[in-house]
Amino acid sequence: MEINRKNEAEKHKFYGNEMYKREEYEGAVEEYTKAIRLDPDNPIYYTNRALALNKLKKYVDTIADCDSALEKDEKSFKAYYYKGLAQSELDRLSGAGTNLQKAYELAIDQGSASAAIICREILNVRKKKWEQKERERQKESAPLLAEVREILEKKHHGELRAAEETLTGEELQDEKEYLTNSFNQKIEELETIFARADKKYEPKEIPDYLLDPISFNLFVDPVITKSGNTFERSWILQHLKTNATDPFSRVPLTKEELIPNNQLRTAAEQFIAREGEY
């Protein structure tokens, strides 16, 4: 009887996965819910439902499912990851940063390719923290800039919602990318204008030594190889799965030979905290 319930639960998970692939997120949630009712101790069903709920922008429910998954499996990096994503959307940035960092560490320990994606989300949260502080500063030093920016943000969010209501798939992604690029350009132009009268606001280009030479992203968890080259840990680990050499020196290399570059890590953290760039 117990085996039959688990088999039925797996069928509903399969149906849910298929619906998720077709972007039928409401249906996916229903199927994952059926799986949970049949086998409530399986953490995968909760993380699957959490991901679908996140797509539906039901962030509080996403967090609840992630917490349920972690009660079943405290090493579920997906639960920490999806929880961090939901918290970020709710502007709970401290919690988001903590959970994404935990997800990253677990993904690294488990050899998951998702570590690189999580690494990117960590940078996104750090940037959002900077932007949050910058908006507060602008309200005090340049209230007009803050007001105009808020108007543009509301318009941008409205355009994104309209796109999500009328488009799907690649067409939706292309439209969202276009709208976001257009919005970012307007904000950049706006801030450039105000920056001429605001000496405190002087965005700087990221120094090359703070950029991972593989992904060209700001370092989050840099490591040094025995040849003296520094790479982002998640990216070099992916490289070593198919080529056990240093990408630059071609000297044989294993993951055990990677050494944390704590000094560079601190410098990168200070840069994004100060400049908000990555």
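Here are the numbers:
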quantity	calculated
Rough spin-label spacing in nm, given labels placed 7 Å along Cα→Cβ, for Leu90 and Phe14	3.5 nm
Whole-number Å³ per residue for the convex hull built on Cα positions in region 39-149	102 Å³
Value at 222 nm in deg cm²/dmol, rounded to 500, when DSSP H runs of n ≥ 4 in the chain each add -39,500 (n - 2.57)	-23500 deg cm²/dmol
Pair-distance profile P(r), taking every C-alpha pair of region 75-136, with 10 angstrom steps and integer %	27, 52, 18, 4
Normalised alpha carbon radius of gyration of region 1-95 [divisor 2.2 N^0.38 Å]	1.05
Among Leu144, Leu56, Leu106, residue whose mean-square fluctuation peaks in a GNM of the chain (springs only between Cα atoms under 10 Å)	Leu144
The chain - charge dipole about Cα centre, Lys and Arg +1 at Cβ, Asp and Glu -1, debye rounded to 20	520 debye
Accessible surface of the chain [probe 1.4 Å, protein heavy atoms]: carbon and sulfur percent	50 percent
Anisotropy class of the chain from Cα gyration tensor, a/c 1.5 cut	oblate
Hydrodynamic radius by Kirkwood, which averages 1/r over all alpha carbon pairs of region 62-106, in angstrom	9.9 Å
Extreme residue, positive dipole direction of the chain, given options Gln185, Leu211, Tyr45 (C-beta unit charges)	Leu211
Whole-angstrom Cα spans of region 142-278 along principal axes, big to small	54, 43, 17
Cα-based Rg of region 88-191 normalised by 2.2 N^0.38 Å, two decimals	1.29
For q = 0.26 Å⁻¹, Debye-computed log10 I/I(0) when each Cα of region 3-44 counts as one equal scatterer	-0.78
Pairwise centroid distance, computed over Cα atoms, of region 204-228 with region 98-171, Å	22 Å
Residues of the chain: accessible area per residue with a 1.4 Å probe, Å²	58 Å²
Length gained when the stretch Glu23-Asn4 is fully extended (0.36 nm per residue, less Cα-Cα span)	4.0 nm
Extension gain (nm, one decimal) between Ala267 and Thr192, 0.36 nm per residue minus Cα-Cα	24.4 nm
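The values are calculated or read from the model by the stated rules, or taken from the named source; none is laboratory data. From a predicted model like this one, the values you see are computed outputs, not experimental measurements. Please note: Cβ atoms are built from the backbone with ideal geometry, for glycine as well, and neighbour counts cover all protein chains shown. Ligands, DNA and RNA are stripped out before the accessible areas are found, and what is left, the full protein with its side chains, is counted by its heavy atoms. Shrake-Rupley method; radii C 1.70, N 1.55, O 1.52, S 1.80 Å.
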